[in-house]
Amino acid sequence: MFTGLVRVERLQMSEVNDTMLRDVNQLLITQRHDARPITQEHLLKCMEKMGVVLAWNDNQRVVGLGVLTLSGGLNFSCAEIRHLVVNDGRSNLAIGMRIVRALCDIYLHVVDYTDAGAWVQDEGMKKIFTALGFKEKPGSRFRLRKGGRT
C-alpha cells in the first residue's frame, strides 16, 4: 500500500538494479532532455568516487536524486552538488532539502565549502538551496561554507 512516505539515503551498491536505473535515467532526462542514459556499470564506477543520494517512495521507485563530488586544492577541499532533481509534485521542496542534507553529511567534516548550481529557470532548486542557508552567487550558483559562513 502506498503511504506517501519517502526514504532519502545514500545509494548502496546492493540497491542498483534495472528498475532503479530506469528511474534515475528518467530523472536525468527530466532535468535535461538531451541527457545520455547511464548504464549500471557506469553508475557503479561513479559510486566509488561520488556520493549518490536517492529518494525512494514506498513503492521502491526513485523520485529524487542528488550527486556530490569532492575536489579541492593544496590547502582546501570542497564539494559540489550535481544532478539535484526531484520528481514528486507534492513535496519537491521537502524532499530536495532532505537530499541536500544527506549529501552534505557525506563530507561534512572534510570540506571547507559546498557549491551547487541550479538551472537559471529552476526556481524550485533555488528555493531548496536558499532554505538550507546556501548563499546565491552570480550565474545561479550557490555556496555553503563550513559552519554556515558565506
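Derivation of every value follows stated rules applied to the coordinates shown; laboratory data play no part. All values reported here derive from a predicted model rather than from experimental measurement. Note: ideal-geometry Cβ built from the backbone for every residue, glycine included; neighbour counts use all protein chains shown.
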Entry for Cα Rg over 2.2 N^0.38 Å (calculated from the structure that is shown) out of [x] 1.02; [y] 0.96; [z] 1.44
[x]
Once LYS127 and GLU48 are pulled to full extension, the length gained, defined as 0.36 nm per residue separation minus their Cα-Cα distance, is 25.5 nm
Calculate how many DSSP beta bridges within the range 27-150 are antiparallel, expressed in % of all such bridges and rounded to the nearest 5.
85 percent
Please identify every one of the chymotrypsin sites (Phe, Trp or Tyr not before Pro) in the range 48-150 that sits in a loop by DSSP and has no more than 14 other beta carbons within 10 Å of its own beta carbon.
PHE76, TRP119
Paramagnetic reach from ARG145 (point 7 Å along Cα→Cβ, amide N under 13 Å) across the range 70-98
none
So which lysines pass the test for LYS146, namely a Cα distance under 19 Å, with those fewer than 8 places away in the same chain ruled out?
LYS135, LYS137
Could you work out how far apart the two model spin labels at SER77 and ARG22 are, taking each label as a point 7 Å from the Cα in the direction of the beta carbon, and quote it in nm?
3.8 nm
Taking neighbour counts of Cβ atoms within 10 Å as a proxy for exposure, in what order, fewest first, do CYS46, CYS104 appear?
CYS46, CYS104
Quote the relative contact order of the chain in percent (integer), defining contacts as alpha-carbon pairs under 8 Å separated by 6+ residues.
20 percent
